[in-house]
Amino acid sequence: MERFRSGYGKLIEDTSVVPHDSAAALEAEILRVGADRVAAFFAEPVIGAGGVFLPPEHYFADVARICQKYGVLFVVDSVICGFARLGNWFGIERFGVSPDMIVFAKGVSSGYLPLGGVVVNGRVADPFWNQEGNPFLHGTTYAGHPSACAAAMANLDILEREDLFTVSREVETHLDSALRGLADHPLVAEVRSGVGVMGAVELTEEALTERGITTAEVFSEARARGVIVRPIPKALLVSPPLIITWEQVEHLTSTLYGALDAVMDRH
Ligand SMILES: Cc1ncc(COP(=O)(O)O)c(C=O)c1O
């Protein structure tokens with residue numbers, strides 16, 4: 001995301017960013033850089049904080065095939081999409097592919113205690129487990145902290161006991177249809193939702209540039225009415241708890257509609 005980079009300089013050297021909706025663009029970039037110089041490709045199952053962008057059909061199947069073809073590790077960032085937000089453990093199962101590595105955090109403990117982790121497949125793990133004198137040395141001070149892990153284990157039990165995977169798929173449908181109701185608002189260019197309990201309401205260019213409306217204003221109006229959404233430069237994002245009720249979904253979207261009306265009246 002540009003706003004996390006500008007003013008900071010290059011964060012990690014020797015990385016490329018490719019369009020999120022084109023597997024062909026990934027292949028072209030691997031060929032441009034040279035396959036032997038590409039270690040890994042990272043992607044989120046659904047782009048979260050970047051604006052809730054759903055992958056095009058076949059995107060992940062194509063990407064997984066390209067990564068395999070060129071010996072590039074396929075790494076999935078499930079920090080937002082994991083732990084039932086897409087109705088399964090890591091989100092990526094939705095697209096029928098198996099990555100080499102998965103990074104996760106947030107939902108593993110539902111935020112009650114901080115925990116993040118990496119899952120790797122046998123091909124990646126093997127050299128560290130089975131080759132003499134080659135342990136994995138990189139770690140952090142609090143890696144595997146017992147209290148955080150205990151909280152996560154309790155949380156995972158709840159996910160299973162309350163079958164939040166099934167609940168999530170129902171909430172996804174409700175949220176999607178409720179958010180679609182915002183699409184006809186004059187300030188709204190597009191609603192993106194329908195895969196996972198998450199969505200984006202993007203404002204029109206006309207609202208943002210000609211009328212000078214900011215998403216921060218919409219955020220403030222919604223917050224004043226008791227609903228917190230996340231403003232990014234062009235859109236308002238929602239990613240509510242998986243146990244949100246149908247009434248609360250309605251409340252969320254009708255409040256957001258009211259907030260958009262209030263901002264429109266001011267401009
Ligand atoms: C998709 C995604 N990946 C990674 C991170 C960072 O995770 P952590 O704070 O556990 O390093 C975030 C944080 O919001 C995120 O949304």
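Computed from the coordinates by the stated procedures, all read-outs in this text should not be read as laboratory data. Just so we're clear, the structure is a prediction, and the values are computed from it rather than from any experiment. When we count neighbours, we look across all protein chains shown, and the Cβ atoms used for this are built from the backbone with ideal geometry, even at glycine.
Things to note:
- Gyration tensor (Cα) of region 164-266, equivalent ellipsoid semi-axes in angstrom: 24, 13, 11
- Rounded to the nearest 10 degrees, the inclination of helix 146-161 to the longest alpha-carbon principal axis of the chain is 60 degrees.
- The angle between the Cα long axis of helix 215-224 and the longest principal axis of the Cα atoms of the chain comes to about 70 degrees, rounded to the nearest 10.
- Degrees between helix 23-33 axis and first principal axis of the chain (Cα, 0 to 90, nearest 10): 50 degrees
- Overall Cα dimensions of the chain - principal axes, largest extent first, Å: 69, 47, 35
- Gain upon complete extension [N121, E210; 0.36 nm per residue less C-alpha separation]: 27.0 nm
- Cα-based convex hull volume of region 2-161 per residue, rounded to whole Å³: 157 Å³
- Nearest-0.05 FRET efficiency for F4 and I228, computed from C-beta distance (R0 25 Å): 0.75
- Peptides 83-89, 29-35 ordered by average Cβ neighbours within 10 Å, highest first: 83-89, 29-35
- Considering only the chain, percent of DSSP beta bridges that pair antiparallel, nearest 5: 70 percent
- Phi-based couplings in Hz for region 138-144 (Karplus 6.51, -1.76, 1.60; Gly and Pro marked x): 7, x, 10, 3, 9, 3, x
- Region 1-63 - convex hull of the alpha-carbon atoms, volume per residue in Å³: 92 Å³
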